[in-house]
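The values are calculated or read from the model by the stated rules, or taken from the named source; none is laboratory data. Computed from a predicted structure; not experimentally measured. Positions of Cβ are backbone-derived with ideal geometry, glycine not excepted, and every protein chain shown enters the neighbour counts. For accessibility, only protein heavy atoms count, side chains too; no ligands or nucleic acids. Shrake-Rupley method; radii C 1.70, N 1.55, O 1.52, S 1.80 Å.
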Amino acid sequence: MRLDRTNNENGTAGGSAEAFARLAEEVAAHGTDVDRVLHEAASLKIETPSWGYGDTGTRFGTFPYPGAARDVYEKVADAALVHSLTGVCPTVALHIPWDTVDDWSALRQYAETAGVSIGSINPNLFQDHHYKLGSLSHPDTTVRLQARQHLVDCVDIAREAGSSVVSLWLADGTSYAGQDDMRSRKHRLQESLQDVYGSLPGGMRLLIEYKLFEPAFYHTDLADWGMAHSLSVNLGPQVQVLVDMGHHAQGTNIEHIVAHLLDEGRLGGLHFNGRKYGDDDLIVGSVNPFELFCVFCELRWAQEDPAVAVQSRQVAYMIDQSHNIEPKLEAMVQSVVNIQTAHVKSWLVDGDRLRQAQENGDVLRAHRALMSAFETDVRPLVAEGRRVLGVEPDPIDALRRGGHQERLARQRHSPHPSPSGYPSSAGRVT
């Protein structure tokens, strides 16, 4: 398959109708249904995180960026801008208590007026000082009860904000052997979440995230997908596993985990980000784009399998990144662009050719079926998909040409905002 090499400085190639027509003819000649690819591209939904729009940093420091969002209303406004540029980001995730407001119906109405909806609600069980030894697994009953109440409050917030997902990352663990009894912590966690599960209304999901290490360094109570899967099965059908692409040991085959959880009906969501060493929270696809492509291939195969198609279409696609040195808006848009690119490439794989090679034991022909799609410059197809959605074919160029970053820097020059038109209850970034 010939590659389209038309480029501009922002890396979004082949935005013209002519480039699309050429590529469409080429992929159709290889048996690809171009209309199906465009339909899938237009149907993609990616949630962006409120915490990706404000100033963030590491334990070494925070680097303020001009125009970064200063409160939850500005974060929602930025998410709406990203959605208007990309056409595929209709929801924004919130972090509690960072994004807490007094009036959730007002925030919900503000978001809807801006063109987005409130997405997953993310509880914080790692920041307060009394969580030093854990939260839901803490040896002190009082602390565990406080953590449970926070989760129940987040369920109530989700209901008020119009969200159907509560997404839990549990930082609990120990840093030294003998610090606590591991099986006792497992039992406490199970008991705590069982109480929370009873507060979930019908149609709401609790997505459980896991992490190999950090902030605890000897053991983490939910250290891998198997522990999260076991817990979700024990709790009930409204609990599923959330796979964060940066939460694994080096060399872990994430697409294998995705395939397994899809087949078990327990993959609830994906947190997209990029990593080189640990939980780096880099722009998704910036380090290992082939891994991202392979993940989307597994999602595609599941969506085409009647046995798991319905559940696989309900997997929540979420960006989870902390843009420490990058321009906030451009980094978010670049993440969306990279996801769109990998997603479209997965739909170019010749499934018949791949399965025939697999059945015949033709190892390299099967591998080349994937590589042929991965190496194709799909930017003309992605650009056409954006035209279908009624947005600019090159969102990064549109962001820069529109002067949005400069405008927000002028509007948000004060470190203590009191923007007119925002409710006085707007939360502040902590």
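How large is the convex hull of the Cα atoms of region 265-377 per residue, expressed in Å³ as a whole number?
121 Å³
Which whole-number percent gives the relative contact order of the chain, counting Cα pairs below 8 Å spaced six or more residues apart?
Normalised by residue count, the contact order of the chain is 23 percent.
Please list the non-local residues whose amide H lies under 5 Å from the amide H of residue 122, H modeled 1.01 Å from N, same-chain partners needing a gap of 5 or more.
Long-range HN contacts for residue 122: 94, 95, 96, 167.
Can you give the relative contact order of region 223-270 as a percent, counting alpha carbon pairs under 8 Å and 6+ residues apart?
The value is 45 percent.
For the chain, which DSSP H helices look membrane-span-like by this rule: Cα extent along the axis of 27 Å or more and mean Kyte-Doolittle of at least -1.0?
141-161, 328-346
Accessible area per residue, 1.4 Å probe, Å², for region 122-243: what's the number?
Result: 43 Å² of accessible area for each residue.
Helix-only estimate, please: 222 nm mean residue ellipticity of the chain, summing -39500 (n - 2.57) across DSSP H runs of length 4 or more and dividing by its residues, to the nearest 500.
Dividing the helical sum by the residues of the chain leaves -14000 deg cm²/dmol.
Can you pull a Stokes-Einstein diffusion coefficient for region 237-287 at 20 °C (1.002 mPa s), Rh from Kirkwood over Cα pairs, as a whole number of µm²/s?
186 µm²/s
Whenever you get a sec, compute what percent of the accessible area on region 104-262 sits on carbon and sulfur atoms (1.4 Å probe).
Of the solvent-accessible surface of region 104-262, carbon and sulfur hold 52 percent.
Find how much the distance from residue 153 to residue 197 grows on full extension, using 0.36 nm per residue of separation minus their present alpha carbon separation; answer in nm with one decimal.
Stretched fully, the residue 153-residue 197 segment lengthens by 14.6 nm.
What percent of all Cα-Cα pairs in region 68-192 falls in each 5 Å bin, counting up from 0?
Per 5 Å bin, starting at zero, the Cα-Cα P(r) for region 68-192 comes out as 2, 11, 19, 19, 15, 11, 9, 8, 5, 2, 0 percent.
Could you tell me how far the Cα centroid of region 222-271 sits from the Cα centroid of region 312-326, in Å?
Spelled out, the Cα-based centre of one part sits 16 Å from the other.
Using 7 Å Cα-to-Cβ label points, what is the residue 356/residue 230 separation (nm, one decimal)?
Calculated label separation equals 4.5 nm.
Multiply the residue gap between residue 28 and residue 252 by 0.36 nm, knock off their C-alpha separation, and tell me the result in nm, one decimal place.
Here the answer is 77.2 nm.
Three principal axis extents, largest first, for the C-alpha atoms of region 335-383, in Å?
37, 15, 14
Taking the Cα centre of region 285-350 as origin, work out the dipole magnitude from +1 charges on Lys and Arg Cβ and -1 charges on Asp and Glu Cβ, in debye rounded to 20.
The dipole magnitude comes to about 140 debye.
How would you rank 96-108, 322-334, highest first, on the average number of other Cβ atoms within 10 Å across their residues?
322-334, 96-108
Trypsin sites (Lys or Arg not before Pro) within region 114-156: which are DSSP loop residues with at most 13 other Cβ atoms inside 10 Å?
132
For region 266-400, calculate the relative contact order in percent as a whole number, restricting contacts to Cα pairs under 8 Å that are 6 or more residues apart.
Answer for region 266-400 is 24 percent.
Out of all DSSP beta bridges in the chain, what portion is antiparallel? Express it as a percent rounded to 5.
That works out to approximately 20 percent antiparallel.
Filter 45/276; 132/186; 45/186; 186/211; 75/132; 45/75 down to the pairs with a C-alpha to C-alpha distance above 24 Å, please.
The pairs that break the limit, which is 24 Å between Cα atoms, are 45/276; 45/186; 75/132.
Between residue 290 and residue 213, what is the spin-label point distance in nm, taking each point 7 Å from the Cα along the Cα→C-beta axis?
Output for this residue pair reads 2.6 nm.
Distance between the C-alpha centers of region 41-111 and region 354-416? Whole Å please.
21 Å
Going from the alpha-carbon gyration tensor of region 1-150, what semi-axes, largest first and in whole Å, does one get by taking the root of 5 times each eigenvalue?
42, 19, 18
Calculate the radius of gyration of the Cα atoms of the chain to one decimal place, then report Dmax, the largest Cα-Cα distance, as a whole number, both in Å.
22.0, 67
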